[in-house]
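Everything on this sheet refers to the single structure shown next.
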Amino acid sequence: SNGTVASFANSSDGVVSALSPGTTTITYTNGAGCSTSQTFTVNALPIAPVITFDDGSSSPYATCPDGGIKINVSNSTSSIATSYKWYRNGIEIVYASSAWNNLVLNSSANSITVNAGGVYTVKGISGNGCGSSVSNQLTLTDSSPPIIQSLSVSNLVNDKICPQTTATITAPPLN
């Protein structure tokens, strides 16, 4: 209990802010002097997560992430967060969605292993559903070599282009 008491009279918006976590009583008094009070609990927010690459690399990190790169919440033991919401390029990676299934190779209570480049962040979520501010950003750059496309050649005779003939070489479109 923090014993905070907030009072306001004839407020135009009725917004009360900057309350500390704990039990709080708010009293409202109207222009006629009538008042009412309400006591409630202000829940604490989880602290903002700090994320790191599992191998200690710094951001931006250029790699071929096909085998997976693990990202950890390094301060999870000092937070009241009971779960985490992960984001790639500012978009939540919703657990068990197709995006999650295509991107996340493995996960635990405070880490994910991803297989694609992007800017990763996370928010801690407390048991009562309150969310922290966003973590630091980690940038993973996919430096995988491009796939070498096969060429097709028309008008070959025994896998050779004969003199005085025209051959067409076709490359498939690049993705």
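The values are calculated or read from the model by the stated rules, or taken from the named source; none is laboratory data. Computed from a predicted model, the values in this text were never measured in an experiment. All Cβ positions, glycine included, derive from the backbone under ideal geometry; neighbour counts span all protein chains shown. Just the protein is used for accessible areas: all its heavy atoms, side chains included, with ligands, DNA and RNA removed. Shrake-Rupley method; radii C 1.70, N 1.55, O 1.52, S 1.80 Å.
Quick notes
- Against the test of being under 30 Å from PRO21 (Cα atoms) and either in a loop (DSSP other than H, G, I, E, B) or modelled with pLDDT of 90 or more (or both), the options LYS70, LYS123 yield a single qualifying residue, LYS123.
- Among the residues making up the stretch 73-86, a single one is aliphatic (A, V, I, L, M) and in a loop (DSSP other than H, G, I, E, B): ILE80.
- Qualifying residue in the stretch 142-150 (condition: surrounded by 10 or more Cβ atoms within 10 Å (Cβ to Cβ) and modelled with pLDDT of 85 or more): no
- Of the residues SER107, SER133, the single one that is in a loop (DSSP other than H, G, I, E, B), within 21 Å of PRO46 (Cα to Cα) and either in contact (Cβ under 8 Å) with a residue 60 or more places away in the chain or of a type in the set (Gly, Ala, Ser) (or both) is SER133.
- Subset of the stretch 22-61 [touching a Leu at 6+ places or on another chain (Cβ under 8 Å) and either open to solvent by less than 80 Å² (accessible area, probe 1.4 Å) or in a strand (DSSP E or B) (or both)]: VAL42, ILE51, THR52, PHE53, SER59, TYR61
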